[in-house]
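Asks: Starting off with a structure, shown below.
The values are calculated or read from the model by the stated rules, or taken from the named source; none is laboratory data. Owing to the predicted nature of the structure, the values given are computational and were not obtained by experimental measurement. Heads up, the Cβs are rebuilt from the backbone with ideal geometry, glycines too, and the neighbour counts pull from every protein chain shown. Remember, those area values only see protein heavy atoms, side chains included, never the ligands or the DNA or RNA. Shrake-Rupley method; radii C 1.70, N 1.55, O 1.52, S 1.80 Å.
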There are 2 protein chains.
Amino acid sequence: MNEKIATIEDVARHAGVSIATVSRALHKPDVVSETTREKVQTAIAATGYTANVMARNLRLNRSGMILLLVPDIGNPFFSAILSGIEKGASQAGYNVLIGDTQNDPEREATYAAYLRSNQADAMILLNGRLPAPLANAPANATPPVVIACERIPGCALPTVIIDNDEASFIATRHLTDFGHTRIAHVSGPSNNILTIDRVAGYRRALDAADIGFDPALVYRGDFSIDSGIAAGRALLGDAKTRPTAISCASDGMAIGVIVAAKEYGLRIPEDLSVVGFDDIPHAAAYDPPITTVRQPRRRLGEQAITLLLDRLGAKAPFTNTETGPAIIPTELIIRQSSGPCPKTRA
Amino acid sequence: MNEKIATIEDVARHAGVSIATVSRALHKPDVVSETTREKVQTAIAATGYTANVMARNLRLNRSGMILLLVPDIGNPFFSAILSGIEKGASQAGYNVLIGDTQNDPEREATYAAYLRSNQADAMILLNGRLPAPLANAPANATPPVVIACERIPGCALPTVIIDNDEASFIATRHLTDFGHTRIAHVSGPSNNILTIDRVAGYRRALDAADIGFDPALVYRGDFSIDSGIAAGRALLGDAKTRPTAISCASDGMAIGVIVAAKEYGLRIPEDLSVVGFDDIPHAAAYDPPITTVRQPRRRLGEQAITLLLDRLGAKAPFTNTETGPAIIPTELIIRQSSGPCPKTRA
DNA sequence: ATAAAAAATGAAAACGTTTACACAGGAGTC
DNA sequence: GACTCCTGTGTAAACGTTTTCATTTTTTAT
């Protein structure tokens, strides 16, 4: 039973027509006569023919692949985005190829070469950095690339992001509205554009409430729960200088901060208000449920693939010079981890 | 600058040799003379040549792709497994293609056809079900497929799993050891093999402690936090019949159960012990930290890709008839969500 | 019935590789 | 100097498609 796999030629022979006719029967049915079309159909069924995609793609000079560069596929944050991308891509007949770069520029470059070598028709970047081969390309060249998640300053490629500055502003303002004046911020890694934007929003909210900025109240984490715990211990250790509220650049870090706060016997939100960022599923189920900025990750992915497919379909250049980046709206979800500033400290 | 992309022919012309020599210079360097090899190298540099992978794969009749079928890529549970697979695959020069099946048999069949159409060299199944085209294949055919995560009864394909029965047994025994006698179980969906195995382990532990099985104490969830909350409300609503301990088939459901328990004012673990399954990162950071069965998901992925690459490399048949399924060991992680049975109810 | 137009089909080129085979030339052996 | 053997290279076939172009067959108009 382990015969050679059927090719278009087998079908042609079986149906008594030429291979050209078989191909046409499949892709331009209206141009071949009713009767031959049927003959071909039965021949296909009889032989169990499946077109060799490799050969087809070679001829058509495409790959049907969309390459997705992501810093760490093990990070659940990206899987929801991925889910949105995959859905749109597969509807359009594309497959999604994951490139896990581990933040390694070399791996990024390797994957970027896929575009040249015809292994991918287009690319989506979730890692906030242009791979070297692309960065060095002339400015007028527009590779089929879309940026998502983290904007790249000075890059005119189509981009879809949330307004991190504004979202962080709103989260922090939520705390100033509650009367807090001593507000800390737990940020992401310093080389990260998200960090820069969210710190900016945090500072803007302080300004708006006439609160001075204290660098000692910004702790640099890495989005993980563990770094949140470390941040909490660092910020809350000294009861004298302790803030009454903390805005965090991720829900994971918010959870970590709360873990640390409980170590010091602090009640949330009576003694300490905490807000997170992302609205991961666990934020709502935590004790207490965490006030956070909802980031529609799935929509982000959907929008990215839409941008990409639109341009690919229309053979339009990959720029966003007319429209600027697409902004996906965020939403402040108020739960029970934030509340009024304790009277004694206001 | 947007010239046609360089082909092997351009390189050959530039170096003044035949295309065969160029190809050989690249893939069998020892067979071409030092001087030509250098000429070819400079020609490649000059033209910026990158081999067209599509053409190469057509000729070699391979794709360099490993297809990964996963029920829902948006589910973080799978992303860690994926991470292990991707690592091993990319070291071996393979790419990982994600097929998000959404548990849709039709999509599964579509993806399974990738094997026939040369879009993938092999496949890893995380979804616990053989796609129809494979299931119907004759028993002696061994498609290049590896099963991970959920065993498929009666299927001789290479398989890597954890011992769900035993793991669930140990988790439940942990509770009987604490003196609990009224122990509930929150399971996964009923059509799921994981559910069957874990329920079996739960019952085995009850038997071992001479505790009768009460069907009313098994609640069917779907691994999600929400279904855990529903389970908790169903099981804990009546203070008379309430269990003193609950073993859950996922950490998410354990968290949900705890959320519900707190609604009823129950203290964990003083009034109710809860154990989870998986050891997701949030389990350790929850309040209280959750006792759970650690499932090494990344190792699971690594083992799956190893099994696959071994057979692919050795051109060995894809069976596990000699060795049986590979079992990845689990570990009971004892934290603070479980404790002795309250005196009043023992 | 015939010419013209339209519809359906086939032959063959092309996509960019790898590799079996043939061949040229040089080195060694007698 | 003729023979073999080796080394390095080129020619051309093959992988399985799609598509242009030419050709055959059918339909329509006169």
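Asks: Looking only at the range B:12-32, count every residue that is within 11 Å of DNA strand C (Cβ to nearest atom), within 45 Å of the chain's Cα centre (by Cα), in a helix (DSSP H, G or I) and away from chain A (no Cβ under 14 Å) and tell me the total.
Replies: Residues that pass the stated criteria total 9.
Asks: When you scan the range B:1-9, do you find a residue that is within 11 Å of DNA strand C (Cβ to nearest atom), open to solvent by less than 30 Å² (accessible area, probe 1.4 Å) and assigned to a loop (DSSP other than H, G, I, E, B), even just one? Spell out how you get there, then give the answer.
Replies: Here is the first cut: in the range B:1-9, the ones within 11 Å of DNA strand C (Cβ to nearest atom) are B:4-9.
Then keep just the ones that are open to solvent by less than 30 Å² (accessible area, probe 1.4 Å); that gives B:6.
Narrowing the set further to residues that are assigned to a loop (DSSP other than H, G, I, E, B) leaves B:6.
There is at least one residue in the range B:1-9 that is within 11 Å of DNA strand C (Cβ to nearest atom), open to solvent by less than 30 Å² (accessible area, probe 1.4 Å) and assigned to a loop (DSSP other than H, G, I, E, B).
Asks: Test of understanding: among A:44, A:19, A:66, which residue is modelled with pLDDT of 95 or more and near DNA strand D (Cβ under 10 Å from one of its atoms)?
Replies: A:19 is the lone residue from the list that is modelled with pLDDT of 95 or more and near DNA strand D (Cβ under 10 Å from one of its atoms).
Asks: Out of all the residues in the range B:52-65, is one or more more than 11 Å from chain A (Cβ to nearest Cβ), open to solvent by less than 90 Å² (accessible area, probe 1.4 Å) and in contact with a Gly (Cβ under 9 Å, 6 or more places away or on another chain)? Walk me through it before giving the result.
Replies: Narrowing the range B:52-65 to residues more than 11 Å from chain A (Cβ to nearest Cβ): none.
No, there is no match, as no residue in the range B:52-65 is more than 11 Å from chain A (Cβ to nearest Cβ), open to solvent by less than 90 Å² (accessible area, probe 1.4 Å) and in contact with a Gly (Cβ under 9 Å, 6 or more places away or on another chain).
Asks: Right, here's the next one. Against the condition open to solvent by 10 Å² or more (accessible area, probe 1.4 Å), touching a Phe, Trp or Tyr at 6+ places or on another chain (Cβ under 6 Å) and part of a helix (DSSP H, G or I), how does residue A:311 come out, does it pass?
Replies: Numbers: open to solvent by 10 Å² or more (accessible area, probe 1.4 Å): yes; touching a Phe, Trp or Tyr at 6+ places or on another chain (Cβ under 6 Å): yes; part of a helix (DSSP H, G or I): yes.
So residue A:311 fits the description; yes.
Asks: Here is a follow-up. Could you run through the range A:34-51 and say how many residues are within 14 Å of chain B (Cβ to nearest Cβ) and in contact with a Leu (Cβ under 9 Å, 6 or more places away or on another chain)?
Replies: 2
Asks: To continue, here is another question. So residue B:341 clears everything in (1) farther than 16 Å from residue B:184 by Cα; (2) touching a helix residue (DSSP H, G or I) at 6+ places or on another chain (Cβ under 9 Å); (3) in the same structural domain as residue B:234 (by TED's automatic domain parsing) except one condition, right? Which one?
Replies: Only one criterion in (1) farther than 16 Å from residue B:184 by Cα; (2) touching a helix residue (DSSP H, G or I) at 6+ places or on another chain (Cβ under 9 Å); (3) in the same structural domain as residue B:234 (by TED's automatic domain parsing) is unmet by residue B:341, namely (1).
Asks: Quick one: which helices (runs of 4 or more DSSP H) lie wholly within the range A:92-200 and hold at least 1 residues that are under 21 Å from residue A:221 (Cβ atoms), more than 14 Å from chain B (Cβ to nearest Cβ) and in contact with a strand residue (DSSP E or B) (Cβ under 6 Å, 6 or more places away or on another chain)? Can you show your working first?
Replies: Numbers: elements: A:105-116, A:132-135, A:164-177.
Qualifying helices (runs of 4 or more DSSP H): A:164-177.
Asks: Determine, yes or no, whether residue B:35 is polar (S, T, N, Q), within 14 Å of DNA strand C (Cβ to nearest atom) and at pLDDT 95 or above. Before you say what the answer is, go through the steps one by one.
Replies: Working: polar (S, T, N, Q): yes; within 14 Å of DNA strand C (Cβ to nearest atom): yes; at pLDDT 95 or above: no.
In short, no.
Asks: Check B:255, B:268 and return the single one that is closer than 29 Å to residue B:160 by Cβ, outside the structural domain of residue B:147 (by TED's automatic domain parsing), at pLDDT 95 or above and open to solvent by less than 30 Å² (accessible area, probe 1.4 Å). Break it down into steps so the answer makes sense when it comes.
Replies: Values: B:268 fails: closer than 29 Å to residue B:160 by Cβ.
Criteria check complete, one pass: B:255.
Asks: Condition (residue is more than 9 Å from DNA strand D (Cβ to nearest atom), in the same structural domain as residue B:148 (by TED's automatic domain parsing), without any contact (Cβ under 8 Å) to a residue 24 or more places away in the chain and open to solvent by 50 Å² or more (accessible area, probe 1.4 Å)) applied to the range B:84-91: is it met by at least one residue?
Replies: Taking every residue of the range B:84-91 in turn, at least one turns out to be more than 9 Å from DNA strand D (Cβ to nearest atom), in the same structural domain as residue B:148 (by TED's automatic domain parsing), without any contact (Cβ under 8 Å) to a residue 24 or more places away in the chain and open to solvent by 50 Å² or more (accessible area, probe 1.4 Å).
Asks: Would it be correct to say that residue B:302 is surrounded by fewer than 18 Cβ atoms within 10 Å (Cβ to Cβ) and of a type in the set (D, E, K, R)? I'd like the intermediate steps shown before the answer.
Replies: Details: surrounded by fewer than 18 Cβ atoms within 10 Å (Cβ to Cβ): no; of a type in the set (D, E, K, R): yes.
Considered against the rule, which asks whether it is surrounded by fewer than 18 Cβ atoms within 10 Å (Cβ to Cβ) and of a type in the set (D, E, K, R), residue B:302 comes out as no.
Asks: Exactly one condition in (1) within 12 Å of chain A (Cβ to nearest Cβ); (2) assigned to a helix (DSSP H, G or I); (3) open to solvent by 30 Å² or more (accessible area, probe 1.4 Å); (4) farther than 22 Å from residue B:253 by Cβ is false for residue B:317; which is it?
Replies: Unmet condition: (2).
Asks: Of the conditions (1) touching a Phe, Trp or Tyr at 6+ places or on another chain (Cβ under 9 Å); (2) within 14 Å of chain B (Cβ to nearest Cβ); (3) at pLDDT 90 or above, residue A:72 fails just one. Which one is it?
Replies: With respect to (1) touching a Phe, Trp or Tyr at 6+ places or on another chain (Cβ under 9 Å); (2) within 14 Å of chain B (Cβ to nearest Cβ); (3) at pLDDT 90 or above, residue A:72 is out only on (3).
Asks: Restricting attention to the range A:38-52, and to residues there that are under 44 Å from the mean Cα position of the chain (by Cα) and in a helix (DSSP H, G or I), which single residue is nearest to DNA strand C (Cβ to nearest atom)? If you could, list the steps in order and put the result at the bottom.
Replies: To start, the set of residues in the range A:38-52 that are under 44 Å from the mean Cα position of the chain (by Cα) comprises A:41, A:44-45, A:47-52.
Keeping just the survivors that are in a helix (DSSP H, G or I) gives A:41, A:44-45, A:47.
On the way: A:41: 13, A:44: 15, A:45: 18, A:47: 16 Å.
Checking each candidate, the answer is A:41.
Asks: Regarding residue A:43, is this residue small (Gly, Ala, Ser), farther than 30 Å from residue A:282 by Cα and surrounded by fewer than 19 Cβ atoms within 10 Å (Cβ to Cβ)? Walk me through how you get there before you give the answer.
Replies: Working: small (Gly, Ala, Ser): yes; farther than 30 Å from residue A:282 by Cα: yes; surrounded by fewer than 19 Cβ atoms within 10 Å (Cβ to Cβ): no.
Spelling it out, it is not the case that residue A:43 is small (Gly, Ala, Ser), farther than 30 Å from residue A:282 by Cα and surrounded by fewer than 19 Cβ atoms within 10 Å (Cβ to Cβ).
Asks: Just need a number here: residues in the range B:75-89 that are under 16 Å from residue B:65 (Cα atoms) and hydrophobic (A, V, I, L, M, F, W, C).
Replies: 3
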